[in-house]
Amino acid sequence: MSSSIQKLPRYFTYELFEKVFMEVIEKLPQDFYSFSYLGSSVENRSIFGLRLGHGDLKVLAWSQMHGNESTTTRAIVELLENKEFFQLLDNISLYIIPVLNPDGADKWTRNNAKNIDINRDAQELSQPESLILKDAIDFFEPDLALNLHGQRTIYGLENSVLPCQLSFLTPSADPDKRVTPSRLQSMKLINHIITDLGDLPKAAVGRYDDAFNIYCWGDYCQSQGIPTILFEAGHAGEDYSRDHVLELIKESLMSVLKNAPMIKDIENENESILRAYQSIPAVQKNYVDILLRNAPSINGTRDIAIMYHEQVATGGLEFIPMIYAIDEVSILYGHRTIDLAKEEIFQNDLIIEDDMVVTSESLKISSFIK
Ligand SMILES: [Zn+2]
């Protein structure tokens, strides 16, 4: 297939998404897909469903229920142009809802236009976006649900210096976090993803926290016996456009579809599946964007943790460095760590504004647009 289609950047307007998505769909083989309008968001943006393949195993995937988590949507759109991806759909019916929260995607906010977190609305169903997802689950009755998210730059891993570039979770089905058959089936697929990804050179894959919350969609699906995998596209190094992790998300989705047809064969494997899953290191909030160690101040040297605030700007997203914490012992690493006790280029030019925005010309800390 041709790859003449424009790629989606990390931040894209809804108009651009609609244009690129329609262009991609028009190139799909006619007898292979069906496309439907599922309803509208609070601000009346269309939410679409795309069904691919005619296989028996039903896989439902939705992305960007949090508007500012675009990496998985980009991965889906790019996979729709990939021949190998289609070869995996022989035994599968795949139902995709890309951009479940188009208003948040447009404004680059987690929540929807009514400032509700759709991923806490799985019980009340107070928002149109939630009703669309609930209808899709009820109507499609998936054998596997893929809940596609992105995570902030604050995650590393337990007992590791590496940042967490990607994490997975099979959400709990009940407050006791019992290992139900649907959880085991999801664990099996997650284990396969880890194997298929192999070693990442400067980052790692983690296991997300499984505290039960019935108001979250993954936990709700799992409580209904639907094997569910949460994907979190993370961050490492200077990949602020998340182009590298985008490739890993595509590989992970391919791995899931490749292995999904054997999802139900878990007999006699329970122990080994559980053991392999539990051996994936747990994610930990121990990273920030920039960690300034030993910054001189009137009251001694301090460790200053800086996080980028992301906002929509002309030409993409603006990343604004802001103070996040000072001398916080749980923060161990920065995607950039600068020890000012050893750093010779520092010219004592750290500027901290009243709104906590930080700049330093000598350290090259400033806002940038990606
Ligand atoms: Zn999310």
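The values are calculated or read from the model by the stated rules, or taken from the named source; none is laboratory data. Here the structure is a predicted model, which means the values were calculated and not measured. Here Cβ is always computed from backbone atoms with ideal geometry, including for glycine, and neighbour counts include all displayed protein chains. For accessibility, only protein heavy atoms count, side chains too; no ligands or nucleic acids. Shrake-Rupley method; radii C 1.70, N 1.55, O 1.52, S 1.80 Å.
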Quiz item: Over the range 287-369, what is the relative contact order in whole percent, taking alpha-carbon pairs under 8 Å and six or more residues apart?
Solution: 32
Quiz item: At Leu16 and Asp90, where each label point lies 7 Å from the Cα along Cα→Cβ, what is the point-to-point distance in nanometres?
Solution: 3.8
Exercise. State in Å² the accessible area per residue of the chain; use a 1.4 Å probe, count heavy atoms of protein chains only, and round to the nearest integer.
Key: 44
Quiz item: Roughly what % of DSSP beta bridges within the range 14-284 run antiparallel, to the nearest 5?
Solution: 45
Quiz item: Carbon and sulfur atoms: what percent of the 1.4 Å accessible area of the chain do they account for?
Solution: 48
Practice problem: Specify the residue with the greatest mean-square fluctuation among Glu353, Glu81, Glu310, computed from a Gaussian network of the chain linking alpha-carbon atoms under 10 Å apart. | Solution: Glu353
Practice problem: Would you mind pulling out the separation of the Cα centroids of the range 295-310 and the range 33-56, in Å? | Solution: 47
Self-check item: Max mean-square fluctuation residue, GNM over the chain, Cα-Cα springs under 10 Å, options Ser36, Ser182, Ser167
Solution: Ser36
Exercise. Give the shape of the range 14-284 as rounded, prolate or oblate, defined through the alpha-carbon gyration tensor: a ≥ b ≥ c are the square roots of its eigenvalues, a/c under 1.5 means rounded, and otherwise the shape is prolate if a/b is larger than b/c and oblate if not.
Key: rounded
Practice problem: Mind giving me the FRET efficiency for Tyr33 and Glu124? R0 is 41 Å, r the Cβ-Cβ distance, nearest 0.05 is fine. | Solution: 0.80
Practice problem: Output the relative contact order of the range 21-65, whole-number percent, from Cα pairs under 8 angstrom with separation of 6+ residues. | Solution: 29
Quiz item: Can you give the calculated 222 nm mean residue ellipticity of the chain, where each DSSP H run of n ≥ 4 adds -39,500 (n - 2.57) and the sum is split over every residue, rounded to the nearest 500 deg cm²/dmol?
Solution: -8000 deg cm²/dmol
Quiz item: Suppose R0 equals 30 Å; then what is the FRET efficiency for Arg302 and Leu200 from their Cβ-Cβ distance, rounded to the nearest 0.05?
Solution: 0.40
Quiz prompt | Length-normalised contact order of the chain in % [C-alpha pairs under 8 Å, at least 6 apart] | solution = 15
Quiz item: What residues of the range 18-36 lie in the reach of a label at Val312, counting those whose backbone N is under 17 Å from a point 7 Å from the Cα along Cα→Cβ?
Solution: 18-20
